[in-house]
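Enquirer: The structure's right below; bear with me while I get my questions together.
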Amino acid sequence: METGNEIQQTAYKAVNELGIFNELSMYNPVLCGTLPIGIDVEGSDLDIIMEVQELNYFIERLQSLYSCKESFKIKKTTIRNKEIIKANFFFNNFEFELFGQNQPVHKQHAYLHMVIELELLQQDSKLREKVVKLKQQGYKTEPAFCEILGITGDPYEGLIQFGVEKGIITVL
């Protein structure tokens, strides 16, 4: 993102100024989502996923680092039978979403979705424009891809299954 388009470069500077990758390095943070692969629209957030074993300590760490940021909120919930922590706040005109769960980042859905989406974008030069158009109409990223690809059912699980079937990913 350091050498990407103007929004990517601005996001890169915001992430570095905030120091997330240094402050939270023990959790192997990875920036995922639409910005790194260039399908962001106005208001797209910066999703940073992490591998976290001690969820309560992670909550304390996030609160100590970011509770002073604009619109900070944090919650603990369960997604696909796994406890997760999600913190959101604004910094330098970007919404940040920090996501932690006890699973390696390369096996988390956000990472796998991004890998699949990037591969599909590289295979079809017209796909980017179609996805962005649907996102501008209010679609979330995974449902937009599924709409275009004709994948029915749960778009988050469906995209993972599609990626496995096409040989893009091998991890479930």
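The values are calculated or read from the model by the stated rules, or taken from the named source; none is laboratory data. All of these numbers come straight from a predicted model, not from anything done at the bench. Positions of Cβ are backbone-derived with ideal geometry, glycine not excepted, and every protein chain shown enters the neighbour counts. Areas reflect the complete protein model, heavy atoms only, side chains present, ligands, DNA and RNA absent. Shrake-Rupley method; radii C 1.70, N 1.55, O 1.52, S 1.80 Å.
Enquirer: Can you list residues from other chains, or at least 5 along the same chain, whose modelled amide H is less than 5 Å from the amide H of I39?
Expert: none
Enquirer: Further question: Among the GluC sites (Glu not before Pro) within region 42-97, which fall in a DSSP loop and have no more than 16 other Cβ atoms within 10 Å of their own Cβ?
Expert: When the GluC sites (Glu not before Pro) of region 42-97 are filtered for loop state and at most 16 Cβ neighbours within 10 Å, E42, E54 remain.
Enquirer: At 1.4 Å probe radius, can you tell me the per residue accessible area of region 17-169 in Å²?
Expert: Value for region 17-169: 53 Å² per residue.
Enquirer: Still on this structure: Mind listing the long-range amide H neighbours of I84? Cut-off is under 5 Å, sequence gap 5 or more, other chains count too, H placed in the peptide plane at 1.01 Å from N.
Expert: Under 5 Å from the amide H of I84 lie the amide H atoms of T77, T78, I79, each far enough along the sequence or on another chain.
Enquirer: Turning to a different aspect of this structure: 5 Å is the cut-off here: which amide hydrogens, built 1.01 Å from N in the peptide plane, fall below it relative to F91, excluding neighbours closer than 5 in sequence?
Expert: When sequence neighbours closer than 5 places are left aside, the close amide H contacts are F96.
Enquirer: While we're looking at this one, here's another question. Taking θ as phi - 60°, what are the ³J(HN,Hα) couplings along region 154-168 by the Karplus curve (6.51, -1.76, 1.60), each to the nearest whole Hz, with x for Gly and Pro?
Expert: 4, x, 6, 6, x, 5, 4, 4, 4, x, 5, 4, 8, x, 6
Enquirer: Starting from the Cα-Cα distance between T152 and E119, subtract it from 0.36 nm times their residue separation and give me the gain in nm to one decimal.
Expert: Gain in length upon complete extension: 9.9 nm.
Enquirer: Once you have the Cα-Cα distance between N93 and N16, take 0.36 nm times their residue separation minus that, and quote the gain in nm to one decimal.
Expert: Extra length from N93 to N16 when fully extended: 26.3 nm.
Enquirer: Under the Karplus relation 6.51 cos²θ - 1.76 cosθ + 1.60, θ = phi - 60°, what is the ordered set of whole-Hz ³J(HN,Hα) values for region 26-40, x standing for Gly and Pro?
Expert: 5, 9, 6, x, 9, 7, 10, x, 7, 4, x, 9, x, 10, 6
Enquirer: Counting only trypsin sites (Lys or Arg not before Pro) that sit in a DSSP loop (anything but H, G, I, E, B) with at most 10 other Cβ atoms within 10 Å, what is the longest stretch of the chain containing none of them?
Expert: Within the chain, the longest run free of exposed trypsin sites (Lys or Arg not before Pro) spans 1-79.
Enquirer: Quick check: at a probe of 1.4 Å, how many percent of the accessible area of the chain sits on carbon and sulfur atoms?
Expert: In the chain, the share of accessible area belonging to carbon and sulfur is 44 percent.
Enquirer: Please list, in order along region 142-152, the HN-Hα scalar couplings obtained from phi with the Karplus expression 6.51 cos²θ - 1.76 cosθ + 1.60 (θ = phi - 60°), rounded to whole Hz, x for Gly and Pro.
Expert: 5, x, 5, 4, 5, 4, 5, 8, x, 8, 9
Enquirer: Here is a further query. My understanding is that a pair violates if its Cα-Cα distance is over 23 Å; which of K82/K133; K73/K140; K75/K166; K13/K135; K69/K140; K75/K140 do that in this structure?
Expert: In this structure, K82/K133; K75/K166; K13/K135; K69/K140 exceed 23 Å between Cα atoms.
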